[in-house]
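Trainee: Here it is, the structure, as structure tokens.
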Amino acid sequence: MSSATPVTRRMSLPSRIIEPCLAGPFRFDSWRDGPSGEVVSSSRIRTLVRDGDLTQAEAFLGHPFRVLGPIVEGDRRGRSMGAPTLNLIWPADQVAPPYGVYAGRAGLAAEKPVPAVANFGIRPTFGGGDPRLEVHLLEDITGDHYGDQVRFELLHHLREERRFESPQALQAQIRRDVETARRLLADRL
Ligand SMILES: Cc1cc2nc3c(=O)[nH]c(=O)nc-3n(C[C@H](O)[C@H](O)[C@H](O)COP(=O)(O)O)c2cc1C
């Protein structure tokens with residue numbers, strides 16, 4: 001179609017790939033860099049996610065890398081630290097990014113996605129545990145939502161997960177993470 005804009009060409013990519021099973025390989029023509037005819041395979045995208053290169057993974061996917069899962073109960077520590085979280089167990093069949101803190105968008109059921117910051121990891125400050133994604137919403141929603149499905153789109157990798165000397169030191173870092181996430185997400189919502 002001669003009237004197709006660069007954006008509509010890019011928008012046509014998502015149908016090529018259905019989560020969580022990535023299809024491919026296919027040829028990728030970047031609307032920013034001009035047609036390159038680069039071959040993109042699902043294993044290439046999985047490697048990008050494993051390396052934490054979410055920007056390139058998003059460019060190839062045509063949408064942000066995202067995860068969907070049921071909300072499970074955490075240790076209820078987050079609320080007392082001023083950062084209540086929706087927790088989900090990372091699906092075993094889904095490729096995982098490096099442990100760390102991510103800014104992104106979170107959506108519950110049919111509701112509009114809201115800005116969020118999330119930790120994916122084992123919480124070394126509290127002795128470690130099973131790998132979990134803990135999503136702290138930057139806009140209020142009501143209820144605890146246990147059992148509901150949450151979708152989280154990972155847009156930016158902020159930092160690695162690490163062990164803090166005290167819960168207070170972690171709490172101060174989470175406040176900084178929230179500020180960084182708000183700034184980075186301002187143009188994506
Ligand atoms: C933005 C954010 C960043 C976090 N970063 C770390 C971290 O670097 N190290 C760590 O041990 N835990 C980190 N956590 C996890 C917290 O330890 C965890 O959310 C808290 O213990 C509450 O867990 P709970 O929901 O199971 O009660 C982070 C959590 C959030 C929301």
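The values are calculated or read from the model by the stated rules, or taken from the named source; none is laboratory data. All figures in this text were calculated on a predicted structure; none of them were measured in a lab. Note: ideal-geometry Cβ built from the backbone for every residue, glycine included; neighbour counts use all protein chains shown.
Trainee: Looking at Arg183 and the list (1) more than 13 Å from the ligand (Cβ to nearest atom); (2) at pLDDT 95 or above; (3) surrounded by 12 or more Cβ atoms within 10 Å (Cβ to Cβ), which single condition is not satisfied?
Mentor: That leaves (3) as the condition not met.
Trainee: A further question follows. Evaluate the following for His63: is it within 9 Å of the ligand (Cβ to nearest atom) and within 18 Å of the chain's Cα centre (by Cα)?
Mentor: no
Trainee: Quick check on my filter: what residues within the range 77-106 are of a type in the set (D, E, K, R) and within 13 Å of Asn119 (Cβ to Cβ)? Walk me through it before giving the result.
Mentor: Here is the first cut: in the range 77-106, the residues of a type in the set (D, E, K, R) are 77, 79, 93, 105.
Arg77, the sole residue that qualifies.
Trainee: Taking the residues in the range 66-109 that are within 12 Å of the chain's Cα centre (by Cα) and basic (Lys, Arg) as candidates, determine which candidate is nearest to the ligand (Cβ to nearest atom).
Mentor: Arg105
Trainee: Name the residues in the range 115-131 that are part of a strand (DSSP E or B) and either within 7 Å of the ligand (Cβ to nearest atom) or touching a residue at least 60 places away in the same chain (Cβ under 8 Å) (or both), would you?
Mentor: Pro115, Ala116, Val117, Ala118, Asn119, Gly121
Trainee: Still on this model: Would you tally the residues in the range 56-72 being under 17 Å from Phe120 (Cβ atoms) and of a type outside the set (D, E, K, R)?
Mentor: Summing the residues that are under 17 Å from Phe120 (Cβ atoms) and of a type outside the set (D, E, K, R) in the range 56-72 gives 9.
Trainee: Then there's this: Among the residues of the range 36-44, is any of a type in the set (A, V, I, L, M) and either at pLDDT 90 or above or over 30 Å from Arg163 (Cβ atoms) (or both)?
Mentor: Yes, that holds for at least one residue.
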